[in-house]
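Enquirer: Below is the structure I would like to discuss, written out as structure tokens.
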Amino acid sequence: MQYFVTGATGFIGKRLVKKLLARKGSIVYFLIREGSKDKIPGLIEYWGAPKSRVIPVYGDLAASRLGVSKEEIKGLSKNIDHFFHLAAIYDLKADPQSQMEVNIEGTRNAVAFANAVGARCFHHVSSIAAAGLFEGIFREDMFEEAENLDHPYFASKHESEKVVRKECKGAFRVYRPGMVVGDSKTGEMDKIDGPYYFFKLIQRIRQILPPWMPTIGIEGGRVNIVPVDYVVDAMDYIAHQPKLDGKCFHLTDPEPMRVGDVLNTFCRAAHAPTMSLRINAALLGFIPRSITKGMMALTPVRRVRSAVMKDLGLPDDLMQFINYPTRFDNRETAAALKGSGIACPRLEDYAFRIWDYWERNLDPDLFIDRTLRGQVAGKVVLVTGGSSGIGLAVAHKLAEAGAVTIICGRDEGKLAEAKKEINDRGFDVITYSVDVSDMMDCDRFVQLLNENHGGVDILVNNAGRSIRRGIESSYDRFHDFERTMQLNYFGALRLTMGLLPKMVEKRSGHVINISSIGVLTNAPRFSAYVASKAALDAWTRCAASEFADVNVKFTTINMPLVRTPMIAPTRIYQNVPTLSPDDAAELIAEAIVHKPVRIATRLGILGEVMHALLPRVAQVIMNTSFRMFPDSDAAKGGDQKKGTQMTADQIALQQLLRGVHF
């Protein structure tokens with residue numbers, strides 16, 4: 001037998017061609033664009049057949065009679081036994097115009113071509129979408145009864161089927177597969193569609209909660225899911241059975257599952273918590289459609305919904321199909337397949353293969369470069385306070401990752417040493433001598449950055465000053481608060497606001513502010529330091545909201561105590577467990593790669609929660625540490641080199657509250 005197939009390069013099409021070639025003596029002609037010639041060797045290898053049995057026909061679905069020459073049409077005339085038309089758009093995300101052009105006009109061109117070559121039977125692969133959102137059971141002999149075809153995908157599938165029924169001159173058969181997922185034996189799939197849209201959400205729930213934790217989910221209508229191997233086997237078998245012309249076949253699951261059960265099936269396959277309590281989406285049906293549309297017309301509501309759906313990787317209009325109302329009768333299909341051994345497998349029996357293949361091959365996160373080099377190579381990154389400590393450690397990482405690394409500091413000698421240290425490792429860094437606490441010097445520096453580098457892509461506000469002194473010892477030292485605020489808040493702000501215009505202009509940028517765990521725990525003796533960092537935190541939250549729509553990101557890192565020259569004057573910190581500068585640099589690298597709103601340790605988050613829920617208890621804990629660790633001699637005006645032996649209680653508390661400022 002001789003076959004002609006459109007869509008032979010597609011997910012279903014190439015499997016069908018392989019199935020057809022398994023028939024003795026079969027020859028398959030397949031439509032392919034001239035620009036896709038490079039796909040042919042791979043297809044022939046997949047099909048495992050000689051070139052004499054798989055013959056490409058160059059054309060275009062969008063052209064009249066598929067754009068095939070008259071000579072080729074004449075050569076194929078009266079030789080095609082079965083014409084399989086699979087080329088179509090099967091995607092809710094596709095734009096309406098494309099769906100109409102490909103699904104409707106493409107089908108019209110395919111039918112015209114089949115008529116021209118005198119194909120004996122035209123096999124049209126439609127979809128259950130052709131029924132629209134029909135309320136009730138849709139039989140295989142029903143077509144005109146379809147309703148609620150407002151969605152362009154539903155409308156295009158219905159109209160393309162109408163073209164076949166009205167314009168096909170020879171015999172025809174129509175196949176309406178359900179929601180096609182991967183192979184039930186291998187899990188193989190070529191794209192994210194249908195239930196796959198929810199996989200990212202399931203994965204995130206698994207990352208947050210243990211598998212035994214009950215969760216709240218959603219319930220809806222019954223969704224009809226079928227694996228691609230069943231669809232191909234059924235089509236191949238039915239197409240070659242006699243006396244079935246003019247009929248339609250629902251390649252569907254005779255026992256479809258509700259939305260909630262489908263999600264739980266994949267939750268179990270992913271070893272994620274199942275949704276024990278499910279809220280039926282039908283309960284929202286009492287809300288008049290006019291009110292729903294009115295709410296969605298509000299810009300804030302629309303933008304929030306769009307952001308949430310985008311973050312979860314869900315199509316904007318997916319939720320309207322949760323309450324899917326249609327059931328599909330498939331008695332004609334069951335009768336045609338009787339005795340063949342072909343039947344739709346249960347989702348529970350192959351869901352684990354579907355999940356496994358998605359997580360190893362289709363998960364969008366697999367295609368995102370999560371390396372530091374992937375995020376900074378060739379980009380201009382400025383690290384303030386980069387001549388030592390955290391700043392120098394992160395400068396090493398950035399230079400090694402290929403960033404145009406710029407560091408600034410007050411001491412030209414230290415900057416020269418830092419540059420030599422990085423150069424000795426075979427990398428480069430650009431240094432500028434700047435006093436970030438001087439507003440005029442900040443303005444000068446911003447001008448240099450804009451002139452020499454076109455601004456910066458990533459700004460790490462790391463330069464800072466810390467003062468460990470109780471308020472009791474600061475009554476006559478108001479300048480401590482002024483100079484701390486001047487550098488930690490006003491200096492960082494001056495640079496950021498000077499560099500933001502270029503970021504907005506490029507619609508790309510990232511500002512990382514090194515804050516403190518003290519902002520979350522409200523550490524005593526650091527009122528000047530914590531207040532300056534808290535001010536920067538608050539400004540950052542405001543800025544993040546203002547610049548969210550121009551792709552300028554802000555990240556706050558509530559850094560724990562780090563062993564740097566800044567804490568060296570406090571001798572008590574010599575025995576306190578701290579992070580190393582390299583540890584801190586890793587947190588900054590994480591911020592650059594993932595761009596979170598905030599990075600904080602679990603202890604810092606616990607401190608924030610304690611102050612929010614049990615403020616009195618949090619105060620007692622902090623007061624205990626305040627009294628247990630007195631001001632240093634330097635803070636009292638004494639000899640800063642003098643030290644005291646730590647008590648067992650002090651050592652225990654330090655270990656318990658690792659990284660907290662005392």
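Enquirer: Which of the residues belonging to the stretch 358-413 are among the acidic types (Asp, Glu) and either touching a Ser or Thr at 6+ places or on another chain (Cβ under 9 Å) or not in a helix (DSSP H, G or I) (or both)?
Expert: Listed by number, the residues that qualify are ASP363, ASP369, ASP411, GLU412.
Enquirer: Does the stretch 192-214 hold any residues that are closer than 18 Å to ILE322 by Cβ and at pLDDT 85 or above, and which are they?
Expert: PRO195, TYR196, TYR197, PHE198, PHE199, LYS200, LEU201, ILE202, ILE205
Enquirer: Just one of ASN462, ASN452, ASN423 is among the polar types (S, T, N, Q) and either under 26 Å from ALA535 (Cβ atoms) or in contact with a Gly (Cβ under 8 Å, 6 or more places away or on another chain) (or both); which is it?
Expert: ASN462
Enquirer: Turning to a different aspect of this structure: Please specify each residue of the stretch 137-190 satisfying the condition of being at pLDDT 95 or above and of a type in the set (Phe, Trp, Tyr).
Expert: PHE138, PHE143, PHE172, TYR175
Enquirer: Would it be correct to say that ILE238 is at pLDDT below 90 and either of a type in the set (A, V, I, L, M) or out of contact with any His (no Cβ under 9 Å at 6 or more places or on another chain) (or both)?
Expert: Taking the combined requirement at face value, the residue does not satisfy it.
Enquirer: Of the residues in the stretch 4-47, how many are surrounded by fewer than 20 Cβ atoms within 10 Å (Cβ to Cβ), in contact with a helix residue (DSSP H, G or I) (Cβ under 6 Å, 6 or more places away or on another chain) and basic (Lys, Arg)?
Expert: Counting residues in the stretch 4-47 that are surrounded by fewer than 20 Cβ atoms within 10 Å (Cβ to Cβ), in contact with a helix residue (DSSP H, G or I) (Cβ under 6 Å, 6 or more places away or on another chain) and basic (Lys, Arg) gives 2.
Enquirer: Across the stretch 351-387, what is the total count of residues that are under 30 Å from GLY491 (Cβ atoms), surrounded by 15 or more Cβ atoms within 10 Å (Cβ to Cβ) and in contact with a strand residue (DSSP E or B) (Cβ under 8 Å, 6 or more places away or on another chain)?
Expert: Final tally of qualifying residues: 10.
Enquirer: Sticking with this one: Given THR555, THR521, which one is among the polar types (S, T, N, Q), at pLDDT 90 or above and more than 15 Å from ALA463 (Cα to Cα)?
Expert: Step by step, each of THR555, THR521 is checked, and only THR555 is among the polar types (S, T, N, Q), at pLDDT 90 or above and more than 15 Å from ALA463 (Cα to Cα).
Enquirer: Among the helices (runs of 4 or more DSSP H) lying completely within the stretch 418-532, list those that include at least 1 residues that are aliphatic (A, V, I, L, M) and over 31 Å from the mean Cα position of the chain (by Cα).
Expert: Fully inside the stretch 418-532 and qualifying: 439-453, 478-485, 492-506.
Enquirer: Given the structure, is LYS74 of a type outside the set (Val, Ile, Thr), at pLDDT below 90 and either within 15 Å of VAL117 (Cα to Cα) or assigned to a strand (DSSP E or B) (or both)?
Expert: no
Enquirer: Further, regarding this structure: Name the single residue that is nearest to GLY106 (Cα to Cα) among those in the stretch 1-31 being assigned to a strand (DSSP E or B) and in contact (Cβ under 8 Å) with a residue 60 or more places away in the chain.
Expert: Once the filter is applied, the top-ranked residue is THR6.
Enquirer: Applying the selection to the stretch 241-266, what residues are over 15 Å from ARG331 (Cα atoms), in contact (Cβ under 8 Å) with a residue 24 or more places away in the chain and not in a helix (DSSP H, G or I)?
Expert: Across the stretch 241-266, the qualifying residues are GLN241, ASP245, GLY246, MET257, ARG258.
Enquirer: With of a type in the set (S, T, N, Q), within 32 Å of the chain's Cα centre (by Cα) and over 30 Å from HIS151 (Cα atoms) as the only criterion, which of SER36, SER69, SER52, SER77 stands out?
Expert: That would be SER36, the only listed residue that is of a type in the set (S, T, N, Q), within 32 Å of the chain's Cα centre (by Cα) and over 30 Å from HIS151 (Cα atoms).
Enquirer: Collect the residues in the stretch 111-122 that are part of a strand (DSSP E or B) and surrounded by fewer than 24 Cβ atoms within 10 Å (Cβ to Cβ), keeping them in residue-number order.
Expert: CYS121
Enquirer: So, one more: Checking GLY132 against (1) out of contact with any Ser or Thr (no Cβ under 7 Å at 6 or more places or on another chain); (2) surrounded by fewer than 21 Cβ atoms within 10 Å (Cβ to Cβ); (3) at pLDDT below 95, only one condition comes out false. Which one?
Expert: Of everything listed in (1) out of contact with any Ser or Thr (no Cβ under 7 Å at 6 or more places or on another chain); (2) surrounded by fewer than 21 Cβ atoms within 10 Å (Cβ to Cβ); (3) at pLDDT below 95, GLY132 misses just condition (2).
The values are calculated or read from the model by the stated rules, or taken from the named source; none is laboratory data. Values in this document were obtained by computation on a predicted structure and should not be read as measured data. Positions of Cβ are generated from backbone atoms using ideal geometry, with glycine treated the same way; all protein chains shown enter the neighbour counts.
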